[in-house]
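Student: Below is a structure I'd like to ask you about.
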Amino acid sequence: MWPRTSRSSGGSGNEAGAAITGIGARKAGQFLLTGLNMKTAPWTHANARVATLRAMRAPFTGCAESNVVRAGWSGVNVPAQSGEPTCP
């Protein structure tokens with residue numbers, strides 16, 4: 001799910017095999033740690049997807065980063081969830 005990688009540098013694509021352009025280690029770490037701070041029980045991959053996307057809303061108001069995170073989760077077969085924030 002690490003969207004900081006890219007296909008051209010040996011990263012992974014999404015379920016359709018398309019390349020996922022990275023967002024960088026700093027941004028990836030920031031949203032991941034913020035998402036982990038939102039941990040609830042039970043903690044599932046689906047809940048982690050929603051939490052990390054919610055974590056993206058505060059520091060990154062554009063859709064570019066959120067779309068990369070969505071593609072990363074979809075790439076590891078964690079589909080869109082109810083309650084998932086959308087781009088403005």
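Student: Tell me, yes or no, whether segment 32-49 has at least one residue that is in contact with a Gly (Cβ under 7 Å, 6 or more places away or on another chain), open to solvent by less than 20 Å² (accessible area, probe 1.4 Å) and not hydroxyl-bearing (Ser, Thr, Tyr).
Tutor: Yes, some residue in segment 32-49 is in contact with a Gly (Cβ under 7 Å, 6 or more places away or on another chain), open to solvent by less than 20 Å² (accessible area, probe 1.4 Å) and not hydroxyl-bearing (Ser, Thr, Tyr).
Student: Of the residues Asn67, Asn47, Asn37, Asn77, which is at positive phi and polar (S, T, N, Q)?
Tutor: Asn77
Student: Then there's this: State all residues of segment 50-84 that are surrounded by fewer than 13 Cβ atoms within 10 Å (Cβ to Cβ) and part of a loop (DSSP other than H, G, I, E, B); if no residue qualifies, say none.
Tutor: If the condition is that a residue be surrounded by fewer than 13 Cβ atoms within 10 Å (Cβ to Cβ) and part of a loop (DSSP other than H, G, I, E, B), then Ala58, Pro59, Thr61, Gly62, Asn77, Pro79, Ser82, Gly83 are the ones that fit.
The values are calculated or read from the model by the stated rules, or taken from the named source; none is laboratory data. Values in this document were obtained by computation on a predicted structure and should not be read as measured data. As a convention, Cβ positions derive from the backbone with ideal geometry for all residues, glycine included, and neighbour counts pool all protein chains shown. Please note that ligands, DNA and RNA were not included when accessible areas were found on the heavy atoms of the full protein model with its side chains. Shrake-Rupley method; radii C 1.70, N 1.55, O 1.52, S 1.80 Å.
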